[in-house]
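What follows is a set of notes on a single structure, which appears directly below.
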Amino acid sequence: MRLKNTFYVIGGGGAFLVFAVPLLWALFRSVQPNDVIVAAPDGKTFFDLTWDNFRTLIEGPGNLIRAVGNSLIVAISTAVLTALLATFAGYGFARFRFRSGPILFALVVVSMMIPFQAILTPLYLEMNVLRLTDSLLGLVLFYTTVNLPFGVFVMRNSFASVPVELEDSAHVDGCGTFRMLGSVLRPLITPGAATVALYAFLAAWTEFLGALTFLTKDELYTLPVALVNVQAGAYGEINFGSLVAGSVIAMIPCVVLYVGLQRFYVSGLASGAVKG
């Protein structure tokens, strides 16, 4: 038993180092001047720390604060809309029996295998006809569409793991469908819904190509696109200090959300893996 615990400690410590050291290194580099970052290691200047990189991002012409706000609006809206639609669709696939149900669910699963980059051109043409380009609403609908198949898959299996007898008892007591979803089933499907929301938030927060394609106005840029614009300095020189500081700003919500929702995320993936 002692040897087994030792292996657990060594494995856990190694995993912690693998994931934590790059984050801590990026945090440390973000408070170093750019000339120190690009220069050879020097013991005299290596520990000269400053907040100039963050000050440059906040006060610079790139207006990173507005980009962070745009990313928060898009990511939060995508997470809420995806979780809501996936919950309703997952409940329908899990509880209602209709002839084309298995075929439709199979199509949902197959659509998870198609990267949106492969259909980016027709997506852009369609959104342009609908006048949803250069719009945060259009970007939210795009991200929701891309993340919805995974959400439906997880929520369908989450509902399938809940005993039908529980719903039958609620119906006997006069509980309607929406009230049952909000009161009876909500505590049981919360891990699955949290998994879907977290997955959609992270996907929308870090996505670059779609935002670059559908947005052309500076005031609508999300954080990944804005970081590309602020990384270049004069004469094409890359400002690594600003780039690392922007990366730290971008990773803060991801780390906070994942740590806060980790127990829901793990249990939600476990419930989503159950074969219904």
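In region 142-153 there is no residue matching the filter, namely being touching a Leu at 6+ places or on another chain (Cβ under 6 Å), closer than 30 Å to Phe28 by Cβ, among the β-branched types (Val, Ile, Thr) and in contact (Cβ under 8 Å) with a residue 12 or more places away in the chain. Filtering region 21-40 to residues that are farther than 24 Å from Arg55 by Cα and modelled with pLDDT under 85 leaves only Ala40. Would you point out the residue of region 192-212, among those that are within 15 Å of Tyr91 (Cα to Cα) and more than 11 Å from the chain's Cα centre (by Cα), that is most open to solvent (accessible area, probe 1.4 Å)? By that ranking, first place goes to Ala193.
Examine region 146-154 for a residue that is out of contact with any Asp or Glu (no Cβ under 6 Å at 6 or more places or on another chain) and surrounded by fewer than 18 Cβ atoms within 10 Å (Cβ to Cβ), and state whether such a residue exists.
Scanning region 146-154, I find no residue that is out of contact with any Asp or Glu (no Cβ under 6 Å at 6 or more places or on another chain) and surrounded by fewer than 18 Cβ atoms within 10 Å (Cβ to Cβ), so the answer is no.
Of all residues in region 30-61, those satisfying the criterion of being assigned to a helix (DSSP H, G or I) and open to solvent by 50 Å² or more (accessible area, probe 1.4 Å) are Asp35, Val38, Asp52, Arg55, Thr56, Ile58, Glu59. Given the structure, is Leu215 farther than 19 Å from Thr87 by Cα and open to solvent by 30 Å² or more (accessible area, probe 1.4 Å)? In short, no. Filtering region 8-18 for residues that are of a type outside the set (Ser, Thr, Tyr), within 24 Å of Leu243 (Cα to Cα) and in a helix (DSSP H, G or I) leaves a non-empty set.
Take the conditions (1) at pLDDT 95 or above; (2) within 15 Å of Leu148 (Cβ to Cβ); Met113 misses just one of them, which is (1).
Inside region 81-123, residues that are of a type in the set (Gly, Ala, Ser) and either touching a Pro at 6+ places or on another chain (Cβ under 7 Å) or free of Cβ contacts under 8 Å to residues at least 40 places away in the same chain (or both) make up a count of 6.
Within region 91-118, the set of residues being within 22 Å of Ser161 (Cα to Cα) and surrounded by 13 or more Cβ atoms within 10 Å (Cβ to Cβ) comprises Tyr91, Gly92, Phe93, Ala94, Arg95, Gly101, Leu104, Phe105, Val108, Val109, Met112. Residues in region 159-183 that are assigned to a helix (DSSP H, G or I) and either in contact (Cβ under 8 Å) with a residue 40 or more places away in the chain or buried (at least 17 other Cβ atoms within 10 Å of the Cβ) (or both): Phe159, Ala160, Val164, Glu167, Ala170, Met180, Leu181. When residues in region 124-145 are screened for being open to solvent by 70 Å² or more (accessible area, probe 1.4 Å), more than 18 Å from Ala79 (Cβ to Cβ) and in a helix (DSSP H, G or I), 5 of them pass. For region 62-80, which positions are open to solvent by 50 Å² or more (accessible area, probe 1.4 Å) and either in a helix (DSSP H, G or I) or without any contact (Cβ under 8 Å) to a residue 40 or more places away in the chain (or both)? Within region 62-80, Ile65, Arg66, Leu72, Ile73, Ile76, Val80 meet the criteria.
The values are calculated or read from the model by the stated rules, or taken from the named source; none is laboratory data. Everything numeric here is computed off the predicted structure, so don't read it as measured data. Please note: Cβ atoms are built from the backbone with ideal geometry, for glycine as well, and neighbour counts cover all protein chains shown. These area figures cover heavy atoms from the full protein model, side chains too; ligands, DNA and RNA do not enter into them. Shrake-Rupley method; radii C 1.70, N 1.55, O 1.52, S 1.80 Å.
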